[in-house]
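Presented below is the structure to which this report refers.
Only the coordinates and a few stated rules stand behind these numbers; no lab work does. Since the model is a prediction, treat every value here as computed from it, not as a measurement. All Cβ positions, glycine included, derive from the backbone under ideal geometry; neighbour counts span all protein chains shown.
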Amino acid sequence: MPAPSFRYRIDTDHGLALAQIAGDATGEYIASCVRALQADPAWSDAYDVIWDDRGVTVLDVTPRGLDEMVAAQTNGQFGMDVIVSDRGSREAVFLLYARRTRAAGRPARVCRTLDEALAAVGRTALPAALDVA
């Protein structure tokens, strides 16, 4: 089982963050990633964030883990969350997450490609500061 990993970059000039999660992840782990991003001094609640979860190999989200993910993401922020997920089984979990997050007041969407995610936040390309391979 690959250990989970998390990395992110924040582009303060464009109000956008790109967060990448890889390996075997739980809902609790994803919630901790959300909190880590929000704790960064460069972060603003107004920023959009693209969560690239295409590197996740196993996603294990319990009802409690889903609750933690939603609670972490709906703490008064007003930017948009866009999740990139290219596997159907994970996509269903993220669609449920997005529905619950929207119901709590934070815009959220699930896309299958980075291009779709960029379009969802009104962009055609990643700003250079976020272009992480």
Flag for W43 being touching a strand residue (DSSP E or B) at 6+ places or on another chain (Cβ under 8 Å) and closer than 19 Å to C111 by Cβ: no
Test result for I10, under 25 Å from R112 (Cβ atoms), surrounded by 20 or more Cβ atoms within 10 Å (Cβ to Cβ) and more than 12 Å from the chain's Cα centre (by Cα): yes
Some residue of segment 14-31 being over 12 Å from the mean Cα position of the chain (by Cα), touching a residue at least 40 places away in the same chain (Cβ under 8 Å) and in a loop (DSSP other than H, G, I, E, B): yes
Residue count, segment 81-117 (criterion: surrounded by 19 or more Cβ atoms within 10 Å (Cβ to Cβ), under 18 Å from H14 (Cα atoms) and among the hydrophobic types (A, V, I, L, M, F, W, C)): 2
